[in-house]
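Everything on this sheet refers to the single structure shown next.
Derivation of every value follows stated rules applied to the coordinates shown; laboratory data play no part. Just so it is clear, the structure is predicted and the values come from calculations on it, not from any experiment. Ideal geometry is used to build each Cβ from the backbone, glycine not excepted, and the neighbour counts take in all protein chains shown.
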């Protein structure tokens with residue numbers, strides 16, 4: 001008999017003995033005691049507590065996640081850098097080795113994601129730096145900066 005066959009036979013014998021012991025043990029008990037033991041092993045209540053309303057989280061939501069100090073940023077000025085510029089504020093920048101992008105809040109209330117060199121309403125995203133972007137039209141230029149960027153490292 002090989003070692004593998006011996007292990008398989010021993011495992012089968014152990015399982016058979018355990019099953020026989022369980023049958024003998026279960027037959028010796030009355031159903032009431034089995035039911036009492038089942039009630040004693042009750043499942044815990046796994047329901048999650050109710051989430052707080054979003055209004056209660058207003059202070060948490062006001063603190064920027066990626067700002068080292070997690071202090072509320074100053075509100076951006078409502079006026080765009082250039083009255084003709086389609087963007088009123090810079091929301092985020094993404095810098096990459098080959099391409100860079102910016103998320104702009106538009107004066108119309110929407111948002112736009114532009115890759116460097118792309119155009120929107122006659123304006124081109126000319127430059128993207130870690131804290132600002134430059135938009136250029138035929139004869140004008142507008143620079144938008146991230147709010148509170150001076151406090152970042």
field: Fully extended contour minus Cα-Cα distance, from residue 36 to residue 141, at 0.36 nm per residue
entry: 29.8 nm
Calculated FRET value between residue 95 and residue 60, using beta carbons and R₀ = 30 Å, to 0.05: 0.60
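Grab the alpha carbons of region 87-153, take their convex hull, and tell me the volume per residue in Å³. Working shown, then result.
On the way: hull volume 5.4 nm³, N = 67.
With only Cα atoms used, region 87-153 gives 80 Å³ per residue.
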